[in-house]
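First comes the structure, then the notes that go with it.
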Amino acid sequence: MRPNVIHVAFHSVCEPKDAGFGDPWCTPRRLKAVLEYLLAHNWQIMTCAEFADCDAVGLDSQRKYATISFDDGYKDNLTVAAPILARYGVKATFFIITSVLSGGLPLYSRIKVLLSRFAPDITPDAQREIGRRLIPLFEWAAGYTQSGNKRFSDFCRDERLNEDEIAQRYYVSVAGIRELVRLGMEVGSHTDTHPMLTNIPLFQAGREIDLSTSALYGATLMGTKFLRPRSFCWPYG
C-alpha cells in the first residue's frame, strides 16, 4: 500500500428506511461526510481509469490520490449517490452486474428474494448469514448455467415472483448507465452474474467477464460513440 493512495468502496446509498435489498449500504449523509473530508484534506479524487492513467506515467509523491467506487449497480447509485457526487464536483467508478440489464438477478439477490417470500420476518443480519451459507449450495445445485438460470426463472413465475420487475426496481437500467456516463462517471465491469470466480471453472469465469464487457459496451452507447469498460471489480472482494 502507498500512503498517498486510497480507495473508498460503497455499495447501496440510501436512508435507513429504504435499506434492506442493497447490502452493504450507507446513508447519503455518510457519503457526503466522506467526500467533504477528502476534499478538505486535499485528496485528488478520480475514477479508477483516471488513476490507472496517472499511475502509468508516475504519481507525484507530494500529492494524495483517492478513487471512489460503487459496486453492484443499485438504482440508488444513480438516484442518490450520483447527484451528491455531481454536487461536490467528484467523479467515481460504478461497477455494474450486467445480468440485471436483461432482468436476471445475481445469485445473492435471488437468495434474498426467496427469503423474503418464505421467511419474511427474518432480520437483515440473519438474512446475510443465511445467504452466506446458502451461496455455495446454490452454486452447486444450479450454478451459473443456462439451465440453472431457467429453473430459477421458472420458479419465480410459478411462485408469482417477478424477477424482471425486481431487477428494474432495485438496479440501474441501460438508460441509467448512460446517465452516469453523461454525468462524467466511469462505468466498469463487475461480471455478469456476480459469481465467486474462484469457485467456478476458468472458462466460465472468462465468460462472465466477456458477457459483462459486451453488455456494457452496448449500454454505454453515447450518440455514435461506444465506451468500452476499462475497469474491473472482482466480486466478493
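The values are calculated or read from the model by the stated rules, or taken from the named source; none is laboratory data. Small disclaimer: the values here were computed from a predicted structure and weren't measured. Here Cβ is always computed from backbone atoms with ideal geometry, including for glycine, and neighbour counts include all displayed protein chains. Areas reflect the complete protein model, heavy atoms only, side chains present, ligands, DNA and RNA absent. Shrake-Rupley method; radii C 1.70, N 1.55, O 1.52, S 1.80 Å.
What number goes with the only condition from (1) in contact with a Phe, Trp or Tyr (Cβ under 8 Å, 6 or more places away or on another chain); (2) modelled with pLDDT under 75; (3) farther than 28 Å from Thr27 by Cβ that Leu59 does not pass? So Leu59 meets the others, but not (2). Only one entry of Ala40, Ala9 meets the criterion of being more than 23 Å from Arg228 (Cβ to Cβ) and open to solvent by 40 Å² or more (accessible area, probe 1.4 Å), and that entry is Ala40. Counting only residues that are of a type outside the set (A, V, I, L, M, F, W, C), crowded, with 19+ Cβ neighbours inside 10 Å and under 30 Å from Asp154 (Cα atoms), segment 63-107 holds 11 of them.
Considering segment 60-83, the residues that are assigned to a helix (DSSP H, G or I) and touching a residue at least 60 places away in the same chain (Cβ under 8 Å) include one that is nearest to Ile166 (Cα to Cα), namely Lys75. Within segment 202-224, being of a type in the set (Val, Ile, Thr), surrounded by 14 or more Cβ atoms within 10 Å (Cβ to Cβ) and at pLDDT below 90 holds for one residue alone: Thr220.
Select from segment 173-201 the residues that are modelled with pLDDT of 90 or more and part of a helix (DSSP H, G or I) and list them in ascending order. Correct list: Val174, Ala175, Gly176, Ile177, Arg178, Glu179, Leu180, Val181, Arg182.
Checked across segment 157-172, the condition of being at pLDDT 90 or above, assigned to a loop (DSSP other than H, G, I, E, B) and under 30 Å from Asp18 (Cα atoms) holds for at least one residue.
The condition of being more than 11 Å from the chain's Cα centre (by Cα) and among the aromatic types (Phe, Trp, Tyr) holds for Tyr108. Looking at this structure, is Ala33 under 22 Å from the mean Cα position of the chain (by Cα), at pLDDT 95 or above, surrounded by 24 or more Cβ atoms within 10 Å (Cβ to Cβ) and not in a strand (DSSP E or B)? Taking the combined requirement at face value, the residue does not satisfy it. Scanning segment 12-25 for residues that are closer than 11 Å to Val80 by Cα and surrounded by 14 or more Cβ atoms within 10 Å (Cβ to Cβ) turns up Ser12, Val13, Cys14. When we screen Glu139, Glu129 for residues that are at pLDDT below 70 and surrounded by fewer than 18 Cβ atoms within 10 Å (Cβ to Cβ), the only hit is Glu139. A search for C-beta distances below 7 Å between a residue of segment 1-17 that is in contact (Cβ under 8 Å) with a residue 12 or more places away in the chain and any residue that is open to solvent by less than 30 Å² (accessible area, probe 1.4 Å) and part of a loop (DSSP other than H, G, I, E, B), counting only pairs 6+ apart in sequence or on different chains, returns His11/Gly22; Ser12/Gly22; Cys14/Gly22.
Quick one: is Arg87 in contact with a helix residue (DSSP H, G or I) (Cβ under 9 Å, 6 or more places away or on another chain) and modelled with pLDDT of 80 or more?
Judged against the criteria, Arg87 is a match.
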